[in-house]
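**Q** Below: one structure in structure tokens.
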Amino acid sequence: MNTKNADFIWFDGEFKSWDSVTVPITTHALHYGTSVFEGIRGYSNDQNLFIFKLKEHMQRLLQSAEVYSINSNYTLSEMCTSTIELLRKNNIKSEIYHETAKFDKQFKYADRKNIPIIIIIGSKELENNTCVVKNIQTGKQETIKQNELVSFSF
């Protein structure tokens, strides 16, 4: 299964290519479900991605880890800086709107921000490993396999 989402990841305090990193089968999280996560939102304009309250999100991530007695080897500052560097290394300058708002609200948001193409991945698409790509300006949309997304164009 192809699950590559970026060229680089931050792993053990270093930027590494996606394909070079593996996690041992004996990893505690795989056996016991011990993990923490934090959702972070970013907003883009033509040239930049602005991360919303990154410091607060990372602080919450560290606090969640403490609940599990997971000690971080990295400071809050290192985690924030590494997140920004990782986004830059992967050339990520787009928005992801993952809230459960109605499609109409999301389409209007995209139109207001002059976002020409939207990608829809709902439960049906997840099950079929597909996504719907819609051109907001022309209204044309097409269902494609997720692994074809990088090379897709209207």
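The values are calculated or read from the model by the stated rules, or taken from the named source; none is laboratory data. In this text, all values refer to a predicted model and were calculated from it rather than measured experimentally. We place every Cβ from the backbone using ideal geometry, glycine too, and count neighbours over all the protein chains shown.
**Q** Out of 38, 78, I need the residue that is among the charged types (D, E, K, R), under 27 Å from residue 16 (Cβ atoms) and in a loop (DSSP other than H, G, I, E, B). Which one? Give the steps one after another, and end with the answer.
**A** Numbers: 78 fails: in a loop (DSSP other than H, G, I, E, B).
Sole residue among the options that is among the charged types (D, E, K, R), under 27 Å from residue 16 (Cβ atoms) and in a loop (DSSP other than H, G, I, E, B): 38.
**Q** Now for a different question. Looking only at segment 29-62, which residues are more than 16 Å from the chain's Cα centre (by Cα), free of Cβ contacts under 8 Å to residues at least 24 places away in the same chain and loosely packed, with under 11 Cβ neighbours inside 10 Å?
**A** Selection gives 31, 32, 33, 46.
**Q** Could you grab the pairs with beta carbons closer than 7 Å, sequence gap of 6+ or different chains, first residue in segment 1-14 and closer than 13 Å to residue 91 by Cβ, second one among the basic types (Lys, Arg) and modelled with pLDDT under 90?
**A** 8/89
**Q** Is it the case that segment 129-145 has a residue that's in a helix (DSSP H, G or I) and modelled with pLDDT under 90? Outline the logic, then answer.
**A** Going through segment 129-145, the residues in a helix (DSSP H, G or I) turn out to be none.
No, there is no match, as no residue in segment 129-145 is in a helix (DSSP H, G or I) and modelled with pLDDT under 90.
**Q** For segment 12-34, which positions are closer than 23 Å to residue 85 by Cβ and either in a loop (DSSP other than H, G, I, E, B) or outside the structural domain of residue 70 (by TED's automatic domain parsing) (or both)? Reasoning before the result, please.
**A** Here is the first cut: in segment 12-34, the ones closer than 23 Å to residue 85 by Cβ are 12-23.
Within segment 12-34, 12, 13, 21, 22, 23 qualify.
**Q** State whether the residues of segment 41-57 include one that is at pLDDT below 90, part of a loop (DSSP other than H, G, I, E, B), within 24 Å of residue 146 (Cα to Cα) and not assigned by TED's automatic domain parsing to the domain that holds residue 127.
**A** Looking for residues that are at pLDDT below 90, part of a loop (DSSP other than H, G, I, E, B), within 24 Å of residue 146 (Cα to Cα) and not assigned by TED's automatic domain parsing to the domain that holds residue 127, one finds at least one in segment 41-57, hence yes.
**Q** Do we find a residue being acidic (Asp, Glu), in contact (Cβ under 8 Å) with a residue 60 or more places away in the chain and either in contact with a helix residue (DSSP H, G or I) (Cβ under 8 Å, 6 or more places away or on another chain) or at negative phi (or both) anywhere in segment 63-70? Can you show your working first?
**A** Just the residues of segment 63-70 that are acidic (Asp, Glu), to begin with: 66.
The next check asks that each one be in contact (Cβ under 8 Å) with a residue 60 or more places away in the chain; those that pass are none.
No: zero hits.
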